[in-house]
Amino acid sequence: MRLSQRYEIPHISTGDMLRAEVKGETALGLEARRYLDAGDLVPDEVVLAMVAGRIGRADALERGFLLDGYPRNVGQADGLDEVLKPAEIDLVLNLVVPTDMVLERLVSRRVCASCGAIYSTSTPPKVGWTCDTCGGEVVQRRDDTPEAIKNRLDLYDSATAPLIERYAKSGKLAEVSGAESPDEVAKALVAVIDEYHRRGGAPTQGSFQGVL
Ligand code: AMP
C-alpha cells in the first residue's frame, strides 16, 4: 500500500481481489471461498484471468503496477509472462521472514473488514476493535486459523519458493528482510526500487540485497 502510494501505481493484491469477490457473493467468489478458507490456491486459470483483466485497465497500462501475492507457482509465473509479452516484469521483491515469525504474525493478525487495514493483538486499534482509519470492524481473517495457516506455509514451500531461483536467474530478484517494523521494511523496499531506477532498470547478476 505504501509503495503504491509512493510510486503512484495501482496495488494489485490477488488476495484482496478474491476476498472482495467472496464478500460480494459473485459467482467467482462463491467458487473461490472454499479455497481461501482452506488456505488452498485458487485454480491458476481463475486467478490469471483476474490479474490479466486488472493489469489491462487504463491506470495499470499507463503507470505500471505492483502485484502482491501473485505469482504463487510456476504456472502462474508462466501465465504472467505470456500476458505481459512483449513487456516483462521489472523487479521481483522477496520479503524474507523467518517461518516462526510468519506464524506468530499470522496468528496475531487482525484486519479491518471494511478497508483491509492491518492490526495485530499487540498493535490493536486505538478504540476497541474499530478501525482507526475508517471506523470499520477489526476482525480475524477467516483463513488465519492454525489449519489454514499450516496449509498456506506448506504451499509456500512446495509451490512458491521455487520461483525465487527463477527470478534470481533472470536478474529480477531483490531480497529484503521483512523481519523489521512496517516502516523499516517500507524504507528498505524503497531503497531497492530507487536503486533499480538509478541503474536504469538494468538486471543484476543473481539477486541484490535491500539495505536497512
Ligand atoms: P493473501 O491475501 O495473499 O494471503 O491470499 C489469501 C488467499 O487467497 C490465499 O490463501 C489463496 O487461497 C488465495 N490467493 C491469493 N492469491 C492467490 C494466487 N496468486 N493464486 C491462488 N490463490 C490465491
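The values are calculated or read from the model by the stated rules, or taken from the named source; none is laboratory data. The structure presented is a predicted model; accordingly, all values stated were derived computationally and were not measured. Because the Cβ atoms are built from the backbone with ideal geometry, glycine has one as well, and the counts that use them run over all protein chains shown. When the accessible area is computed, the model is the full protein with side chains, heavy atoms only, and any ligands, DNA or RNA have been set aside. Shrake-Rupley method; radii C 1.70, N 1.55, O 1.52, S 1.80 Å.
Please list, by residue number, every one of the trypsin sites (Lys or Arg not before Pro) in segment 69-159 that is coil in DSSP and has at most 14 other beta-carbon atoms within 10 Å.
LYS126, ARG142
Using the Kirkwood radius over C-alpha pairs as Rh, can you work out the diffusion coefficient of the chain via Stokes-Einstein at 20 °C, viscosity 1.002 mPa s, in µm² per second?
So the translational diffusion coefficient is about 116 µm²/s.
Cα-based Rg (one decimal) and Dmax (whole number) for segment 52-116, in Å?
15.5, 42
Applying a 10 Å radius around every beta-carbon, put 164-172, 63-71 in order of their mean neighbour count, most first.
Ranking, from highest mean packing down: 63-71, 164-172.
Measuring with a 1.4 Å probe in the full set of protein chains, what accessible area per residue, in whole Å², belongs to the chain?
Result: 58 Å² of accessible area for each residue.
Divide the volume of the convex hull of the Cα atoms of segment 76-169 by its number of residues and quote the answer in cubic angstrom per residue.
144 Å³
Run the helix sum for the chain: -39,500 (n - 2.57) per DSSP H stretch of 4+ residues, divided by residue count, reported at 222 nm to the nearest 500 deg cm²/dmol.
Mean residue ellipticity, 222 nm, calculated: -14000 deg cm²/dmol.
Over the chain, what percent of the accessible surface lies on carbon and sulfur atoms, probe 1.4 Å?
The computed percentage sits at 55.
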